[in-house]
1. Taking segment 56-111 as the region of interest, how many residues are under 26 Å from GLY33 (Cβ atoms), modelled with pLDDT under 80 and among the β-branched types (Val, Ile, Thr)?
2. Restricting to segment 27-48, give me the number of residues that are at pLDDT below 85 and exposed (fewer than 13 other Cβ atoms within 10 Å of the Cβ).
3. Would you be able to tell me the number of residues in segment 50-101 that are of a type in the set (S, T, N, Q) and under 16 Å from ALA30 (Cβ atoms)?
Amino acid sequence: MKSIHLACVVLLCVAAFVSSDAFALFRLGADGGVSISTLTSSTGGTSYSSNTGLWGGPFFELGDNGWAIQPECDYIQKGAAPYSSLETTTLVLNYFEIPVYFKYTFDLPGR
């Protein structure tokens, strides 16, 4: 868990110390939404229903000439509940993910 916090601190420090020349190429923001996860059993015993959770976190984008890199720190809720009336347990999983996206933006002709 400490390594995840350290990664977020490094991410925010990089965002804070971007040079003023590159500031026009820098974008900071947050995104989020709804996560719908499912769980399947390899033993074939219990069937599970999907679980609805939330996801979100900060991101920054740094790029030029159509190319950009966008690291994020996302919190995601996942899980499932059994269909069986004998089981009342609900599985809730909380994840912290750090995806890094490489992006290319292009103009469509005629626009």
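The values are calculated or read from the model by the stated rules, or taken from the named source; none is laboratory data. Computed from a prediction, not measured in an experiment: that's the story for all the values here. Please note: Cβ atoms are built from the backbone with ideal geometry, for glycine as well, and neighbour counts cover all protein chains shown.
1. Residues meeting the conditions: 1.
2. Of the residues in segment 27-48, the ones at pLDDT below 85 are 37-48.
This time we only want the ones that are exposed (fewer than 13 other Cβ atoms within 10 Å of the Cβ), so: 38, 40-45, 47.
Number of matching residues: 8.
3. 1
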